[in-house]
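Below you'll find the structure, written out as structure tokens, and then a few comments.
Each reported figure results from applying straightforward, stated rules to the coordinates on display, with no laboratory input. Quick caveat: nothing in here was measured; it's all calculated off a predicted structure. Cβ sites come from the backbone with ideal geometry, for glycine too, and all protein chains shown count toward neighbours.
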Amino acid sequence: MIVKMKKAQIAVLAEDREALLESLQRSGVLMLLKGSDDSLQDDATDEEQLAARTAKSLRLLAQYHDQDQKETEAEKFPSVPYDTFAADDPAHHALLEAIEAAEEKLTLLKAEAQALHAESATLRPWSGLEPQTDKIVKGRAVAYHLGFVPIVKQEEVRAAAESIGAAVQFYGTAPEGIATLAASMVEEDAASMDALRLAGFVETTLPPHPETVRETMAAKETRLSELAEEIRATEARMKEYAAEKLSIELLNDRTVSAAERKKAPVTPTASAVFIEGWVRVDRLEDLDRAIASATSIYDLELADPGKDEVPPTAVKNNKFVSSFETITDMFARPSYGEADPNPVMSFWYWMLFGMMMADVGYGIIMVVLFSFLIKKMHAKGDTLKLLRVLMYSGITTTLWGLLFNSYFGASIGFMGFIQILNPVEDTMLLLGISLGVGVLHIFTGLIMRAINNLTRQDYLAVFADSFSWILLISGLSMLLLPALVSFEGGATVSAIGKWIAIAGAAIIVLFAGRSSKNPVARIGSGLYALYGVTGYLGDIMSYSRVLALALTSAIIGQVMNQLAGMVQGDAWWGILAAIPIYLVGHIFNLVMGLLSAYVHTSRLQFIEFYTKFYEGAGYEFRPLSIQLKYIDVVTDAKN
């Protein structure tokens, strides 16, 4: 159901502001309003920057987490007392600074190592060069040049050098070619180099050093070894920091929560502050306790929503129904003033999903698998709700599988159960059941529309917009039935259905256009509204997808069993060879069935069901509360 809201106005002394906001956040009962033009928010820039720093450090620490060390449940999903959560421990800040310093040092060390590797790669082809690199200059008698020669041009360059009286020395290879030292007489240098360039010599330079290339490379290797040791030591410290990540996780969640408090809109005066917000009527006492725990001097006023005010929507349902709220929220949040669609939608979603899957084996796997995931993942929020939807749907999948006598696609019977329906052989019967279910589903939507109109005290709309369509669709459905049932006087179902349909159509024609004062225009609007019956018939036909998916799942399961049976035979090795086929085939069928059933069942709710009554123009009730991303539970927090 949708919970009623009250508008709360709180006044406290200015010095109690922070204590009040912290208590309200801890209790999680009040959704703050922006308030008047005089409302102010504190600057939360420092907290947001600190939160960004902690999030960055946590991503970094994840790289240094010891994968071989298995985390306990308490380490994976940490739970801390509120006092620990709220305490701003200086050691946490010191650890954050140490992590950032280590990260900066690692960045510099790795950048230097990368640069040295690049320089060593540049020098490596020249490792055999004997002269010091700062001696490779143009002397008084001989000019020296360094360069690269393509491998295919090596002999051509050698021949060119001999023909002009120059000398070349070849060294190691590089992507650019063969490292080459060319020497020529100074007076012939220009002409010699022109000839060598023409042959394929491409001149280059090396950084001048007062030692040979081999000595330079040895020095760089020594420095690289030193850098590698420093990197290892720094990374070892990072692994130690990773073992203390809970401190940074606490700092992050605490900081984000503090930023939320700072951004809370309050209206200040000279000596007091005013806060406005929405509170659920079932948590009024919690609100009063939260304020009283912060200050003994306060004023609390509660009022019903004004005519022009639109409160947020909070829903309160049992564990089963609340799981299906995530399906509704994907479409739209319920409006504050309308009936909660989740109780009826949850039942239909649960049943339709099971009809589409309809296999005992798959249903049992769904219950076991999603129960395990819920416990293993410690899922919360919408993830938990979705996993529960799939787990609960495993129950109806099992029940429909019993009716269809389907066990992993095989019809074997179990514990005396008798097959009532075979999707493959009784296709037309299953189609009729699917369409019949569709009619009932749509009728439920029309009844929900009537409930909304009753809430608004629009009694004529109940009669004209819901009851009329139920009559019309019921009558048309009875017309399709064979005249097998006769009543006293010789009347048949079809004959009775005709008059019921006429009655429904007459109501629509007379009252659908009731907003118009012109009788002719009213009848014209009614006739146009009556054309909407084609839309209803189209919606009913959409439920044939229930047949399609049930049939598809059954056929694929049977085909996989047949393929495995062809391999299996009577030999032991055949059984072993058939196992992978069974596994792959049924895992594929289960996954595709889950995806298809989830999508198409949701579609039937959103398009065929909700369009009959659902407004969905609400927004979520989101109270000021502790923001937890890394900490799983704050044990004594009231939210």
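Quick notes on this one:
- Packing around the peptides 164-176, 15-27, taken as the average count of other Cβ atoms within 10 Å per residue, puts them in this order, highest first: 15-27, 164-176.
- Integer Hz, Karplus 6.51/-1.76/1.60 couplings in order for segment 267-283, x for Gly and Pro: 10, x, 10, 4, 10, 9, 10, 10, 10, 10, x, 9, 9, 5, 5, 7, 10
- Per-q log10 I(q)/I(0), segment 319-612, q = 0.08 Å⁻¹ (Debye; single scatterer per alpha-carbon; no solvent): -0.46
- More than 14 angstrom apart: percent of Cα pairs within segment 304-363: 63
- In this simple spin-label approximation, Glu301 and Asp382 carry label points 7 Å from Cα along the Cα→Cβ vector, and these lie 3.8 nm apart.
- In plain terms, the chain from Ala101 to Met428 could stretch by 110.5 nm, reckoned as 0.36 nm per residue minus the Cα-Cα distance.
- A straight line joining the Cα centroids of segment 549-615 and segment 148-207 runs 71 Å.
- Scoring 401-411, 125-135 by mean Cβ neighbours within 10 Å over their residues and listing the highest first yields 401-411, 125-135.
- Farthest toward positive dipole pole in segment 319-612 [+1 Lys/Arg, -1 Asp/Glu at C-beta], among Ser371, Val520, Ser434: Val520
- Projecting the Cα atoms of Ala218, Ser247, Ser257 onto the charge dipole of segment 213-263 (Cβ charges, centred on the Cα centre) puts Ser257 farthest toward the positive pole.
- Take each peptide in 346-352, 537-543, count the other Cβ atoms within 10 Å of every residue, and average; sorted highest first, the result is 346-352, 537-543.
- Between Glu229 and Arg140, the contour length at 0.36 nm per residue exceeds the alpha carbon distance by 27.4 nm.
- Taking amide hydrogens as placed 1.01 Å from N in the peptide plane, the amide H of Tyr144 sits under 5 Å from those of Val137, Lys138, Gly139, each at least 5 positions away in sequence or on another chain.
- Ratio of Rg to Rh over the chain (Cα coordinates, Kirkwood Rh, two decimals): 1.18
- Our coupling estimate for segment 122-131, obtained by passing each phi through the Karplus curve with A = 6.51, B = -1.76, C = 1.60 and θ = phi - 60°, is 5, 7, 3, x, 9, 4, x, 6, 7, x Hz, Gly and Pro reported as x.
- Relative intensity, log₁₀ I(q)/I(0), of segment 137-205 from a Debye sum that treats every alpha carbon as a point, q = 0.22, 0.24 Å⁻¹: -0.83, -0.99
- Simple spin-label estimate for Lys110 and Thr635 in nanometres, 7 Å along Cα-Cβ: 3.8
- ³J(HN,Hα) computed for each position of segment 362-379 - Karplus, 6.51 cos²θ - 1.76 cosθ + 1.60, integer Hz, glycine/proline x: 5, x, 5, 4, 4, 4, 5, 5, 6, 5, 4, 5, 4, 6, 6, 7, 6, 4
- Straight Cα distances below 20 angstrom link Lys375 to the lysines Lys70, Lys76, Lys319, Lys385, Lys629, with same-chain residues fewer than 8 positions distant left out.
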